[in-house]
1. For every other residue with a beta carbon closer than 12 angstrom to the beta carbon of Met181, add +1 if it is Lys or Arg and -1 if Asp or Glu, then tell me the sum.
2. Looking at this model, which pairs from Lys102/Lys149; Lys117/Lys151; Lys117/Lys158; Lys95/Lys144; Lys117/Lys148; Lys10/Lys102 are more than 20 angstrom apart at the alpha-carbon?
3. How charged is the neighbourhood of Ile18? Take every other residue with its Cβ under 14 Å from the Cβ of Ile18, and add Lys/Arg as +1 and Asp/Glu as -1.
4. When the accessible area of the stretch 139-189 is computed with all protein chains present and a 1.4 Å probe, what percentage of it is carbon and sulfur?
5. Using alpha-carbon positions, what is the distance between the centroids of the stretch 150-189 and the stretch 81-105, in Å?
6. Just want to confirm a number: the relative contact order over the stretch 80-170, from Cα pairs under 8 angstrom separated by 6+ residues, in percent.
7. Which cross-chain or sequence-distant (5 or more) residues have an amide H under 5 Å from the amide H of Val90, H modelled 1.01 Å from N in plane?
Amino acid sequence: MTKVVIISKKQIRNWAIITFMAVGAIGAAWYWGHSGGGSNYSETSKPTSKVNEAKVNETTKAVSGNMNGTVKQAGLSVNESGQGRTINIVTGEFKTTGADGKPIEAYRWDPGTIHVKQGELINLSIFGVNGTNHPFIIDGLSIKGEVKKGKETVVSFKADKPGTYRIICLTHPDIAHNGPMVGYIVVDA
């Protein structure tokens, strides 16, 4: 007796999306392991692209930038190493074809959610894997920057206030623009 297995296009598409997500996670894990992920800022993880602008507090705190693209808030207390904690994220893209034959794309930050401690100095290192460029803002922290494909952008901030802050790509803010490319920075008390 012969068994016949019927697989729908939807099942194939879903398997392709799951496979792409797994490959993306493996790629992010590889990048994390090869860039000193989770460790303090070091010579091997120096940024190579410029950050357009960063403002940590509109009213009283000064922000200064240097030639290698790092943006740091002036007058912050930092951990024992003097550099803060570096968290690595990458840009990712999902592609598939809809039932009508048209391509569907969606961009994201990976990982999509990061947790930090209140009062911690964070160096957010973002590497552009997919998409030409991703100008972004971090809501509630008044930070702006841009990530370009093949380049690393680092923004630094102190997580003063507990809460959830969104990192929003201005190119892909919603479904109509191949998004939403929104990540979350959770500041735990």
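The values are calculated or read from the model by the stated rules, or taken from the named source; none is laboratory data. Computed from a predicted structure; not experimentally measured. Note that we place each Cβ from the backbone using ideal geometry, even for glycine, and neighbour counts take in every protein chain shown. Each accessible area value is taken on the protein alone, full model and side chains, heavy atoms only, with ligands, DNA and RNA left out. Shrake-Rupley method; radii C 1.70, N 1.55, O 1.52, S 1.80 Å.
1. Working: positive: Arg108, Arg166; negative: Glu93, Glu105, Asp110, Asp174.
With Lys, Arg at +1 and Asp, Glu at -1, the net is -2.
2. Details: Lys102/Lys149 25 Å; Lys117/Lys151 27 Å; Lys117/Lys158 10 Å; Lys95/Lys144 27 Å; Lys117/Lys148 28 Å; Lys10/Lys102 14 Å.
Violating the 20 Å limit, Cα to Cα: Lys102/Lys149; Lys117/Lys151; Lys95/Lys144; Lys117/Lys148.
3. Numbers: positive: Lys10, Arg13, Lys95; negative: none.
Here the charged neighbours net out to +3.
4. Working: 1230 of 2360 Å².
Roughly 52 percent, rounded to a whole number.
5. 12
6. Averaging sequence separation for qualifying contacts and normalising by length gives 29 percent for the stretch 80-170.
7. Asp110, Phe127
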